[in-house]
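Accompanying notes for the structure given below.
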Amino acid sequence: MVDSKPNFDSFSRIWFLSLIIFIFQFIQTNAISADEFKLSSSQQKKLDETFKFIDKLEPKKLKIDKSTYQKFSKFEDYYKFHFSGKKLSKWIRNRIQKFSFGETGDFIAMYQEEEVFLGKIFFTLSPLERALVLIHEARHADGKQFAHVICPDSFEFLNPRDWKIFPAGKKGCDSLAEGSYGVTAAFLFEMGAYGFMSQTEAGLRYNSELSRVLRK
Ligand SMILES: [Zn+2]
């Protein structure tokens with residue numbers, strides 16, 4: 001899950017979403033239309049544009065020195081292929097079978113059983129941010145070991161999307177380096193290394209993602 005607002009913890013949110021899904025299935029089996037859970041054509045277009053954005057990221061020449069690249073690049077370790085937009089799109093699609101529009105409450109998106117629920121904020125984000133959300137959610141498909149852990153009460157980093165969200169004490173951190181925040185950081189590093197983004201922007205975003213990975 002990618003958080004957008006505070007209040008509920010993610011556990012309560014999952015129960016809340018389960019309830020919504022139950023109601024939705026109940027409505028469906030009772031033959032009453034519940035189209036609001038299907039992506040609208042403009043939402044589907046935004047989603048398609050996100051994949052097109054990712055597809056175009058084919059690396060050519062490194063824009064940083066090779067020793068720095070070798071020191072920090074984790075992409076191949078985590079994804080098991082060299083950075084390639086087309087392969088990354090496939091990596092996401094292999095993990096998310098269905099996209100729906102749903103009430104995601106405090107989150108931008110939620111992964112549940114091969115399905116991702118996209119909240120309305122998702123469709124207002126830039127292509128890069130939407131790509132980060134999809135990568136983040138796709139990692140959750142790789143198993144429960146990638147579920148978030150509670151950020152310590154002393155967690156001092158800001159949530160860059162919304163400063164009113166305090167990650168401290170909430171299930172918004174990772175205990176594994178290669179979790180949802182680790183894979184997005186690895187992606188951002190390649191984006192900067194191959195010149196798809198400025199080093200400044202890639203570096204700041206990379207640091208921000210890694211702030212959610214708890215060090216032992
Ligand atoms: Zn998550």
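The values are calculated or read from the model by the stated rules, or taken from the named source; none is laboratory data. As the structure is a prediction and not an experimental result, all values here were calculated from the model. Neighbour counts are summed over all protein chains in view; Cβ atoms, including those assigned to glycine, are modelled from backbone coordinates with ideal geometry.
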Checking residue 182 against (1) more than 13 Å from the ligand (Cβ to nearest atom); (2) in contact with a helix residue (DSSP H, G or I) (Cβ under 8 Å, 6 or more places away or on another chain), which single condition isn't satisfied? (1)
Among 195, 182, which is the only one that is part of a loop (DSSP other than H, G, I, E, B) and either modelled with pLDDT of 95 or more or at positive phi (or both)? 195
